[in-house]
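Below is one structure; the comments refer to it alone.
The values are calculated or read from the model by the stated rules, or taken from the named source; none is laboratory data. All figures in this text were calculated on a predicted structure; none of them were measured in a lab. With ideal geometry, Cβ positions are generated from the backbone for all residues, glycine too; neighbour counts draw on all protein chains shown.
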Amino acid sequence: MPVAVWGRTRRPAKGFSLYGATFSLPLLVWQLLFFVAPLLFLIALSFWSVRNFRLQPDLDVASWLYVYRSGLFWETYLRTLAMAGFAAMLASALAFPCAYAIAFKLAEASRRWAIFLMVIPFFTSYLVRVYSWQVFLSDHGIINAALGSIGLGPYTMLNTLFGTMIGYLTLTFPLVVLLQLFSLMFVDRTLIEAAHNMGAGRLRAVFAVVIPSARVGLVIAALFCFILTFGDFVSPLYLGGGNPPTLSIMITDTTKSGQQWPRAAVIALTMIATLLATAFAAVGYAYRGRGR
């Protein structure tokens, strides 16, 4: 709190706090051990070389040149970027009506049950859920059997982009709903009532009041979906067939091909740089104008 001294307002000096440093130390150690140190090693590894299937710790940019001169890499990069972006938009669009209904239409007790149901999928391994989708999506699976009973199908859903998107939604949809829900619950209801009093209908109030008020949560939810799907390996391989590959599959194939760990490191660093750039851009957009 500001302190008035001799007619002037003086703010307390900000100094080093041993109490605050003590509680922030575990987070700092965690970041150093599990993010900074592996990242530095990955950067160093990208400049190593492979000779006779053995890694040589030298300073060589050959891996960077090989990867960035490869048309296959850029084709895979753009494909992965487009798939993750589409998954983020699709999950956000499908999750918003669900989150809106939970936030504004359900009673408190029902809302707690809905949140609990959104959390339950995380009790099961993501890989197990993807394996179960193979039973549903195969040519002779449950969905095609049900469609065949009414004279439709069979449709090829496994090892396709459709299958990959099903896996992406399995991974991200509950999380996107929860993040959107927590943002919508803090929307000022009086603003919605004011919009209705001024003649705005429900749909217009949603786009004019609710979405702008919950912009931070909606953007962060889409960002998390993009991050998770951009680096996902399971769905593109087991539901999408792995062909054409994504960057995560390309990393695996690169390490299997002549033990080319430096090239795989280059691909991984490119993915990290893309995610960091996307995260900074998304957060900047989400909080734009908030400090005014």
The range 273-292: number of residues that are in contact with a helix residue (DSSP H, G or I) (Cβ under 7 Å, 6 or more places away or on another chain), loosely packed, with under 15 Cβ neighbours inside 10 Å and at pLDDT 95 or above: 0
Members of the range 224-254 that are outside any loop (DSSP other than H, G, I, E, B), hydroxyl-bearing (S, T, Y) and either touching a Ser or Thr at 6+ places or on another chain (Cβ under 7 Å) or closer than 19 Å to L42 by Cβ (or both): T229, S235, S248, T252, T254
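Scan the range 101-112 for residues that are free of Cβ contacts under 8 Å to residues at least 60 places away in the same chain and either crowded, with 17+ Cβ neighbours inside 10 Å or under 14 Å from V177 (Cα atoms) (or both) and jot them down. Before you say what the answer is, go through the steps one by one.
Keep residues of the range 101-112 that are free of Cβ contacts under 8 Å to residues at least 60 places away in the same chain, which gives 101, 105-112.
Result: A101, R111, R112.
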Residue that is farthest from the chain's Cα centre (by Cα) [pool: residues in the range 103-157 that are assigned to a helix (DSSP H, G or I), charged (D, E, K, R) and within 30 Å of R189 (Cα to Cα)]: E108
Positions within the range 194-212 being crowded, with 17+ Cβ neighbours inside 10 Å, under 30 Å from the mean Cα position of the chain (by Cα) and among the small types (G, A, S), in sequence order: A205
Qualifying residue in the range 216-223 (condition: surrounded by fewer than 20 Cβ atoms within 10 Å (Cβ to Cβ), out of contact with any Asp or Glu (no Cβ under 6 Å at 6 or more places or on another chain) and not β-branched (V, I, T)): no
Some residue of the range 186-193 being farther than 30 Å from F104 by Cα and either over 29 Å from the mean Cα position of the chain (by Cα) or at pLDDT 95 or above (or both): no
So F96, is it modelled with pLDDT under 95, assigned to a helix (DSSP H, G or I) and within 18 Å of the chain's Cα centre (by Cα): no
Criterion (at pLDDT below 95 and in a loop (DSSP other than H, G, I, E, B)) met by exactly one of L55, L59: L59
